[in-house]
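Q: Here it is, the structure, as structure tokens.
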Amino acid sequence: MAEEKQGARQARKQAICRKAQHRHSHFYERFAHWSLHQSDVVEPIHWHRERWVLAGTALLITLLSGFIMPAWASAMRPAAVPEAHTLLSLALPKVATVSAPTPTVDDWQVVHVQPGQTLSDIFTGRGLSMTDLQKVMDASGTAKSALHNIHPGEEFDFLLGSGGNLKGLRFDQDDANRATVRLDGDHPSVSIQQRDMDTREQVAHGVIRSSLYAAGDQAGMDAAMVGKLADLFKYDVDFVQDLREGDSFTVIYDDIYRDGVRYGEGNIVAAEFINQGKRYTAYRFKKASGDYGWFSEDGRPIQKSFLRIPVDFTRISSTFSVARLHPILGLMRAHKGVDYAAPTGTPIHAAGDGVIKFKGWMNGYGNFVIIQHSSTISTAYGHMSRYGTERVGQHVTQGQVIGFVGMTGLATGPHLHYEFRVDGVQRNPQTVTLPKPELLPAVQLARFKAQVVQPQLARLTELDARIKLAHANAPANNDN
């Protein structure tokens, strides 16, 4: 069956070929010799002229295509756009350079002296021994004296090694010089560096509203400078009893700077204090002896022969009286002195220069001291808790500590009983007329007025005028 189908397909193919040959007989007659199947047996190709023509034509077309097609493709290619270039900064590796070694900075450890501390306490606190302290003492030379008496707030700088050993100590020999002791060399050494010290003038004006210290603080003064102002005028003004609202002061003073940093308060150059309408003045002046002092405008020393009040007190607990009910005895008797209440241990100062006439126990007065100032004037101090170091017959100067406040004898609380005696008779210390100090000698007085009073008084007057003008131009405070 399969053979019959195969035969039928072969017959159809032959019929189609015969029909095509008949229809295109003229073509086949002309190119009959080109046929590759003239017989059923395939013969080898023989290169006749027609074959060479066809091969040459094909080769020519191929060659022309090789030249024409690239040119056409180039012509059809769009115009080339210039390539954009971007410059990038590249981090180049650093070239190692050889530089000089950086000097080592010493790491000083700063310690400030606390109240009650000794130098041995400070050394022990840094893990150092008394041997280290002795080495510093031995190496300090002339600066050693500054190590024997230290005060709260002073600064000591320690240089310690990695093992905690002491390599150096730095401290103030005095206000203007610093000592550096080094123990890390072949031999201990000490060097002294001078500090850069300068003074800067300040001006302050204050009005009393509640207290002197509050007014000073509002005027930009620190407590130490306010204390110096009070010390100047304490001979004339009782800053507890006499101060009134509206009292005022004007001060020209110096601040001390060390190495460009404020170090502390300097001296008052000139000052004016108005108390209950009365004007007091003080000017700093270098005397012929080379010492400085403060003088009023007329040339008398501010420091009077006697202190009005010989103790820093909190209140007057009892005034001078010819008849007072004694708080312990319950009897009416004269109180011929002034009692100044103050905490136990408050220092008591000599009211003036003189000689210790009596020192011991006195009935009613307890521990008692009498100072003879002149042939007619003496002062007495009672109820002391303990005495100073002075002996009977020893000379004392004004302001020197002669004892401390207590409540020995007949006393209900700690206070100083103070008496002022003229020819052995008690006078009221608050009202007694004190002898005036002597004027400066004529030559010094003329120099004082020309070089100090005139220029400083002009400054104080100008400052007062500016302050009054500022107050006058200030807007009124309307409380309505």
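Q: Rank the residues F420, F158 as a footprinting-exposure proxy: fewest other Cβ atoms within 10 Å of their Cβ go first.
A: F158, F420
Q: Which aspartates and glutamates, on any chain, are close to K449 with Cα under 17 Å apart, when same-chain ones fewer than 8 places away are left out?
A: Leaving aside aspartates and glutamates fewer than 8 places away in the same chain, those within reach of K449 are E272, E297, D298, E438.
Q: Tell me, what is the FRET efficiency for V425 and D174 to the nearest 0.05, using R0 = 41 angstrom and their Cβ-Cβ distance as r?
A: E between V425 and D174, to the nearest 0.05, is 0.25.
Q: Just to confirm a number: summing +1 for Lys and Arg and -1 for Asp and Glu over residues other than E297 whose beta-carbon lies under 15 angstrom from that of E297, what do you get?
A: Result for the local shell: +4.
Q: Still on this structure, please answer the following. Count the net charge of all other residues whose Cβ sits under 14 Å from the Cβ of T142, scoring Lys and Arg as +1 and Asp and Glu as -1.
A: Taking every Cβ under 14 Å from that of T142, the sum is -1.
Q: Between V110 and W361, what length in nm is gained on full extension when 0.36 nm per residue of separation is reduced by their alpha carbon distance?
A: 85.4 nm
Q: Which residue, chosen from V396, T408, A380, occupies the Cα position most advanced towards the positive end of the dipole of segment 351-467, where the dipole is computed from +1 (Lys, Arg) and -1 (Asp, Glu) charges on Cβ about the Cα centre?
A: V396
Q: For T124 and Q241, what does the FRET efficiency come to when R0 = 60 Å and r is the distance between their Cβ atoms, rounded to the nearest 0.05?
A: 0.80
Q: Cut-off 14 Å, label point 7 angstrom out along Cα-to-Cβ of N165: give me the residues of segment 174-191 whose amide nitrogen falls inside.
A: Hits in segment 174-191 for N165 at 14 Å: 183-188.
Q: Sort T408, T346, T199, T142 so that the residue with the fewest other Cβ atoms within 10 Å of its own Cβ comes first and the one with the most comes last.
A: T142, T199, T408, T346
Q: Using a Förster distance of 41 angstrom, determine the FRET efficiency expected from the C-beta separation of Q117 and A472, and round it to 0.05.
A: Efficiency, from the Cβ-Cβ distance: 0.15.
Q: Now a separate question. How far apart, in nm, are two points set 7 Å out from the Cα along the Cα-to-Cβ line at V261 and at L457?
A: Between V261 and L457, the simple spin-label model gives 4.3 nm.
Q: In addition: Mind checking which lysines have their C-alpha under 16 Å from K278, skipping anything on the same chain fewer than 8 residues away?
A: K278 reaches K234.
Q: With respect to the cross-link table entries K228/K336; K359/K436; K287/K436; K304/K468; K228/K357; K228/K304, which display a Cα-Cα separation exceeding 25 Å?
A: From the list (K228/K336; K359/K436; K287/K436; K304/K468; K228/K357; K228/K304), the Cα-Cα distance tops 25 Å for K228/K336; K359/K436; K304/K468; K228/K357.
Q: Let me ask something else. When only Cα pairs under 8 Å and 6 or more residues apart are kept, what is the percent relative contact order across segment 315-427?
A: Computed over segment 315-427, the figure is 30 percent.
Q: Next question. How far apart, in nm, are the 7 Å Cα→Cβ label points at R200 and K436?
A: 4.1
Q: How much length, in nm to one decimal, is gained on full extension between R51 and T142, taken as 0.36 nm per residue of separation minus their Cα-Cα distance?
A: Stretched fully, the R51-T142 segment lengthens by 19.7 nm.
FYI, it's all coordinate maths here, none of it is from the lab. None of these values were measured; they are calculated from a predicted model. Here Cβ is always computed from backbone atoms with ideal geometry, including for glycine, and neighbour counts include all displayed protein chains.
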